[in-house]
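Written below as structure tokens is the structure these notes are about.
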Amino acid sequence: MTIGVVDYGVGNLFSIYNALERIGAGPKIATEPEELAGFDGIVVPGVGSFGRCMRQLSRFEPALREALEEGRPILGICVGMQVLFERSEESPEEGLGWIDGEVVRLPASVLVPQMGWNTLSIKREVEILDGISDDDFFYFVHSYHCVPGDGRVVAATCDYGQKIAAAISVESLFAVQFHPEKSGEKGLSILRNFGRLARC
């Protein structure tokens, strides 16, 4: 098994690479789109603005779409989750559009960004969340959140002034708004689950 981490210039590669290595997932950094063809699973990290991420990620889009169509698991993290949607209030660039919906700013009633630990509310049983319960804490850093057109894609939410989509699952496509690589043992459990899916 080999998990590819997409290096498109805007991700926190060091942390996610180390976390994947720690669980024995055989991570490799992919700096070119053609490298994605050789991976059993692909992680799309993301740090910074939606627009910058999309501008940098665009050259990987055909290879990522091919992996998705082949049913290879893909995991988006933080802004790597947001770019899966159609658009964002943060930037004029279009997202990948793999999930219907948009990305909007957190409500004015809360401190922005959400930075720190929060619990999840599990909405449905999905493999990426095996072993995770409502009492488990995960680390969030974000100013915008995803609003799917179809709420059935949401696997877990968190409460931050309102219900926020914290995890989504659509067939072989998974994404989390929090950072599993910075969320201790429970975060590693999610990465282990993803690694197990990549072996299927």
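Computed from the coordinates by the stated procedures, all read-outs in this text should not be read as laboratory data. All figures in this text were calculated on a predicted structure; none of them were measured in a lab. Ideal geometry is used to build each Cβ from the backbone, glycine not excepted, and the neighbour counts take in all protein chains shown.
When the Cα centres of the range 70-146 and the range 7-38 are compared, how far apart do they sit, in Å? That distance is 20 Å. One decimal place: the segment V110-E86 gains 6.1 nm when fully extended, by the rule 0.36 nm per residue minus the C-alpha distance. Of the peptides 171-180, 148-157, the order by per-residue mean of other Cβ atoms within 10 Å, starting with the highest, comes out as 171-180, 148-157. For a modelled paramagnetic label at I122, 7 Å from Cα along Cα-to-Cβ, the residues of the range 154-171 in reach, with backbone nitrogen under 17 Å, are 154-159, 166-170. What residues from the range 66-90 fall in the zone where the backbone N is under 13 Å from a label point 7 Å along the Cα-to-C-beta line of D100? From the range 66-90, the list is 86.
A simple charge model with +1 on the Cβ of Lys and Arg, -1 on the Cβ of Asp and Glu and nothing else charged puts the dipole of the range 3-199 at about 360 debye relative to its Cα centre.
Only beta bridges with both residues in the range 3-199 are counted; by DSSP, about 60 percent of them are antiparallel.
Sorting 108-115, 19-26, 190-197 by average packing, meaning the other beta carbons within 10 Å per residue, from highest down gives 190-197, 19-26, 108-115. Grouping the Cα pair distances of the chain into 10 Å bins from zero gives a pair-distance distribution of 9, 41, 40, 10, 0 percent in increasing distance order.
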